[in-house]
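Below: the structure, in structure tokens.
A short reminder: the numbers here are calculations on the coordinates, not readings from a lab. Please read these numbers as outputs of a predicted model, since none were measured by experiment. Cβ coordinates were reconstructed from backbone atoms using ideal geometry, including for glycine residues, and neighbour counts include every protein chain displayed.
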């Protein structure tokens, strides 16, 4: 309505871009982790079958989500044959129960944390877009805590693990279909150094 | 012309100064489309206002006409078919309007008021009877002419609908731009009720959620995430200064803010050990108190307008449903039973109705419950509707449509009139501020 009277304020438009750029810098450390060696599909189970698109070749290791892992150990988390390479747990609709196919991976992360008491893991809970946004934030947190309890049972100290939930706000895949939804109902493992 | 002159007392109004918003301009305004008009829409013609002392910088009649049309409750007469723009009833050729089928006619004029502003006089005429029904006078400074147009619409709306108009109110919403899940920008935007004059009050690469207006319209509470740190926070931002204070933050859930009607407290959701509960923050003391202890998800609080109750979403019974408790956390009762689940309540301003999201079949739709008899009426089409919020006069509900085209929509509470508010990119989570006058 009344578009024609909107003032053109070019200087302020530039300010918007600068603010956005500043946030980009602070945001790139964490969050979305498109990692080599992760299961490409929830149904693919805990072991990745050669879908690591060459990321496991030494120098090209994608360290997103592994910043808190000592450099000499990072290959463990990108080797598709190592259960530590599973760094996302996928869930059924409205469920926070961890499917049994992730048991070995959970155990491996618990043991790694037990053996490296200075390493810190952040679990990021997520949901698909169905249902209300704040309820989904709470559901994602329940999922993250469910994974945390399982990892603690596998030997980690609870103080090594923090949780956050983004609900439906950070989908791994955009789209309104069952496949996208199944990839978005997840908990991501982020080894942080902060 | 032979028409009865009715010398009604003028209704005199001084426009309040509308608080400035400390902001950056937002990219684009929402576009309003009326998608369904009420069958009983009231026909009305608003003629261009006459001006003494040069052309007005703002087309007051056009603004008022657009306001009324946007509700779907009025059918406005096309200006192109109007003959003349009389400034006073004496100048009206009623026969001309009668032959056009116009029953309700608004005419007016603006003149310098001697103080740098304008005195706007307008009349509601019964063209069929050839008589003046009501007359009004508004004083506005030179930079308040848009508000004057909205005030004209408010007065006409109140005359016909019997409720205050919401055309001076503001809405807030979240926009999301960027094509990939990795690279998006979230903006918290405040605009006029119809999406015009948008201004960004907060923006981030990380998610921003759940805007909630303070009852006086001067502050917004909302949720901001810090993805680098893995934290969430509930912030309260002053719209005139841009200053923000954080009332809850950390790992886990800090979200779903809802103001008490007197503005002294904010109910919100916070998690401990994975379990989300409803808490209350006292703005004066800075103290936080826990209200629910269920071990299930308790979130999405909404304060009743009388300040005595808080509705909230809980899955303590399995599927999420809406419950009611007192403000101490006691006397919990379940409110919703229809459908598979019901979530995210918002009280109507008179406290007599509740709007929420109802899941049934495979879809999520907006439903309105009459709290006197718990009858539920579904008012939206789905399939992924979310975030209902009552207009400040209780006559419409704004909500978000997800799926394919993410836009906002409004529906009259009877479900008869519908409009959409859309723009390129995603628009979500509308919150409707107070009347503004």
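General remarks:
- Full-extension gain in nm, residue A:104 to residue A:193, via 0.36 nm per residue minus C-alpha separation: 29.6 nm
- If you plug the beta carbon distance of residue B:36 and residue A:180 into 1/(1 + (r/R0)^6) with R0 = 51 Å, you get a FRET efficiency near 0.95.
- Antiparallel DSSP beta bridges within the stretch B:40-161, as percent of all bridges there, nearest 5: 70
- Shielding value for A:138-147 is 6, the average number of Cβ atoms from other chains within 10 Å of each residue's Cβ.
- Per residue of chain B, the DSSP helices (runs of n ≥ 4 H) give a summed -39500 (n - 2.57) that works out to -2500 deg cm²/dmol at 222 nm.
- Once the Cα atoms are used to define both axes, helix B:145-161 deviates from the longest principal axis of chain B by about 90 degrees.
- Classification of the stretch B:170-432 by its C-alpha gyration tensor yields a rounded form. The axis ratio a/c (a ≥ b ≥ c) stays under 1.5.
- Taking the number of Cβ atoms within 10 Å of each Cβ as an exposure proxy, the fewest-first ranking of B:291, B:354 is B:291, B:354.
- Spin-label model, residue B:249 to residue B:328: label points 7 Å out along the Cα-to-beta-carbon direction sit 3.4 nm apart.
- Spacing of the two label points (7 Å from each Cα toward its C-beta) at residue A:63 and residue B:182, in nm: 1.7
- Distance between the C-alpha centres of the stretch B:95-173 and the stretch B:29-43: 19 Å, rounded to the whole angstrom.
- Calculated FRET efficiency for the pair residue B:75/residue B:95, C-beta based, R₀ 22 Å, to 0.05: 0.50
- Applying 1/(1 + (r/R0)^6) with r as the Cβ-Cβ distance of residue A:92 and residue B:216 and R0 = 45 angstrom yields a FRET efficiency of 0.50.
- For the stretch B:170-432: relative contact order, % (alpha-carbon pairs under 8 angstrom, 6 or more apart): 12
- In plain terms, the residue of B:259, B:432 with the fewest other Cβ atoms within 10 Å comes first and the most crowded comes last, giving B:259, B:432.
- Neighbour-count ranking [beta-carbon atoms within 10 angstrom, fewest first] of B:182, A:92, B:59: A:92, B:182, B:59
- Measuring between their Cα centroids, the stretch B:227-249 and the stretch A:72-122 lie 32 Å from each other.
- C-alpha center-to-center spacing [the stretch B:64-87, the stretch B:364-437] in angstrom: 25
- The label-point distance for residue B:294 and residue B:161, in a model that sets each label 7 Å from Cα toward Cβ, rounds to 3.4 nm.
- Between the helical axis of B:60-70 and the longest alpha-carbon principal axis of chain B there is an angle of about 50 degrees.
- Computed lengthening from residue B:340 to residue B:374, 0.36 nm per intervening residue step minus Cα-Cα distance: 10.6 nm
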